[in-house]
Amino acid sequence: MSDKVGVGIIGCGGMGSHHARNLAKIEGAHLRGFADVRLESAQNLHNEVGCDYCTTQVQDLFDDDQIDLVLICTHHDLHVPLAIQAAEAGKQVFVEKPLALTIEGCEQIQEAVERAGVKLMAGFQARFSPFIAKLKAVIPEPLVIVGQLVDPRWGDESWANDPIEGGGNVLSQGCHMFDVMYWLAGAEPVTIYAEGGNLTHPKIPEITDSVVATIRFANGCVASAINGDFGAPALAGKAFYELFGGTKTATLYGYYGTPTIKFWGVEPAEFTMENLPPEARNSSAAHGYVDEMKALIDWVGKDIDPVNAAKVEDGVRATKLGIKAIEAIKTGQPQHL
C-alpha cells in the first residue's frame, strides 16, 4: 500500500459526491476512480474534486490494484452484490446506509467481509457528530430515550420509496435513528414493539412509511422511537433526541438546521455550534461526515481502530431493528432481537 489510501467511489450522486468532497481534503486519501452508470455523473464529480479516471463499469474499480478502499453509494438494492464483490476483490469497504434492506442481505455482506478478512464501515455518520457525542458524554447511562426522525411526505415516484430500490422511509432512513438510539443506550436491543404501517403512501402498499416503536435494551434502558414521512416537526426539527438520566436530561433539537442541546441538571445549560471550534461550525462537520471519512482513511491506511464507527455488525443491527419493527406492526406482537 502506498502512503495514501487509493479510493474508488461507486455511485457519484448525492452521498457519493458528498463523501468525495470531504475525502479530497484529507491528506491520506487519493481519489483514484469514480464509477457510475451515468458516466456524466462521474465526470461531473471528477471536474469538481479530481480523480484518475471515470468509468461505467464497477469491475474496473475491483480490478484496480491501486484502489484499497471502495465506497458504495448507490441505491440500496445494489449494496449487497457490490459489497460482496468488493470484499471478494480484497477491497476495504464503506457502505452507505442502510447496509441492506433485508436481514438476509445484511448477513450475506457480513459473511463475505468476515470470509475475506476485510474492513467494512457503514454510513452512520451521526456517531461522529459532536452533538451526539455530547449527549453520550453527559448522560452515558440513560434510563429513557426519546428519538424521532420525521420528514414531510416523500413523493411516490422517489426511488427511496420503491419497494425494491429504496424500501420506504422506515428502512431507508429509520436505520439512522435506530443506530443512534443503540449508540446512546450503550447496550444491545432486546425487544421491540411498534405500531404504524403505511399511512402516507396508499399507492405503494408494499412499504412501511410510519413507525412508533418501543425498544428495551439489555441494560434496562427503554426508548420510544418515531420515524416516517408524515409531516415536518415545526418545533423540534427533523431529528430529535432526548435522554433522561434521572438527575440529568439532555435534549437535542434542530439537528438538521441549527443544532442545539438543552440540559436540565447540567451546567452550562446549552450546547450549540458556537461551542465548536471555528472549522467545525458547518453542517458537514456538525453531522459527523468529516470525521467519519477521516476515521475511515486512518482505519484503512494506518489500521487505527475507529471506535466510534459503525462496523458491519452495527449495519446488521440497524436494519434488523427496522425489519423487526415492521414485523411487530404486522403481527401485533413484540419482536425479540
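Just wondering, is there one or more residues in region 183-196 that are in a loop (DSSP other than H, G, I, E, B), touching a His at 6+ places or on another chain (Cβ under 8 Å) and of a type in the set (D, E, K, R)?
Step one: list which residues in region 183-196 are in a loop (DSSP other than H, G, I, E, B), which gives 186-188.
Okay, now just the ones that are also touching a His at 6+ places or on another chain (Cβ under 8 Å), so none.
No.
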Restricting to region 67-87, name every residue that is surrounded by 22 or more Cβ atoms within 10 Å (Cβ to Cβ) and not in a helix (DSSP H, G or I).
I67, D68, L69, V70, L71, I72, C73, T74
Given the conditions (1) in the same structural domain as A325 (by TED's automatic domain parsing); (2) surrounded by fewer than 21 Cβ atoms within 10 Å (Cβ to Cβ); (3) not small (G, A, S), every one holds for M181 apart from (2)
Take the residues in region 238-254 that are charged (D, E, K, R) and assigned to a loop (DSSP other than H, G, I, E, B); name whichever of them is nearest to the chain's Cα centre (by Cα).
K238
For G155, state whether it is in the same structural domain as I323 (by TED's automatic domain parsing), on the phi < 0 side of the Ramachandran plot and surrounded by fewer than 24 Cβ atoms within 10 Å (Cβ to Cβ).
yes
Given the condition crowded, with 23+ Cβ neighbours inside 10 Å, more than 24 Å from M293 (Cα to Cα) and either assigned by TED's automatic domain parsing to the domain that holds H201 or at pLDDT 95 or above (or both), answer yes or no: does some residue in region 46-66 qualify?
no
One residue from A285, A213 being buried (at least 18 other Cβ atoms within 10 Å of the Cβ) and closer than 18 Å to F178 by Cβ
A213
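Output the residue which, of all residues in region 158-178 that are touching a helix residue (DSSP H, G or I) at 6+ places or on another chain (Cβ under 7 Å) and surrounded by fewer than 17 Cβ atoms within 10 Å (Cβ to Cβ), is farthest from C73 (Cα to Cα).
Of region 158-178, the ones touching a helix residue (DSSP H, G or I) at 6+ places or on another chain (Cβ under 7 Å) are 160, 164-168, 170-172, 174-176, 178.
This time we only want the ones that are surrounded by fewer than 17 Cβ atoms within 10 Å (Cβ to Cβ), so: 164-165.
Values: I164: 16, E165: 13 Å.
It comes out as I164.
Is at least one residue of region 207-216 closer than 30 Å to F271 by Cα and acidic (D, E)? Break it down stepwise before answering.
So the first thing to find is which residues in region 207-216 are closer than 30 Å to F271 by Cα, and the list is 211-216.
Filter once more, so that each one left must be acidic (D, E): none.
For region 207-216, residues closer than 30 Å to F271 by Cα and acidic (D, E): absent.
Rundown of residues vs (1) of a type in the set (V, I, T); (2) in the same structural domain as A133 (by TED's automatic domain parsing); (3) in contact (Cβ under 8 Å) with a residue 24 or more places away in the chain, yes/no style:
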position: T208; (1), (2), (3): yes, yes, yes
position: A223; (1), (2), (3): no, yes, yes
position: I226; (1), (2), (3): yes, yes, yes
position: P233; (1), (2), (3): no, yes, yes
position: A239; (1), (2), (3): no, yes, yes
position: P268; (1), (2), (3): no, yes, no
position: E274; (1), (2), (3): no, yes, no
position: A295; (1), (2), (3): no, no, yes
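Could you list, in sequence order, all residues of region 88-111 that are surrounded by fewer than 21 Cβ atoms within 10 Å (Cβ to Cβ) and either among the aromatic types (F, W, Y) or free of Cβ contacts under 8 Å to residues at least 40 places away in the same chain (or both)? Don't jump to the end; show me each part of the working.
We begin by selecting, within region 88-111, every residue surrounded by fewer than 21 Cβ atoms within 10 Å (Cβ to Cβ); these are 88-90, 102-104, 107-108, 110-111.
Hits for region 88-111 are E88, A89, G90, E104, Q108, E111.
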Say whether the condition of being assigned to a helix (DSSP H, G or I) and free of Cβ contacts under 8 Å to residues at least 24 places away in the same chain is met by at least one residue in region 47-57.
yes
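The values are calculated or read from the model by the stated rules, or taken from the named source; none is laboratory data. Here the structure is a predicted model, which is why all the values come from computation and not from measurement. Ideal geometry is used to build each Cβ from the backbone, glycine not excepted, and the neighbour counts take in all protein chains shown.
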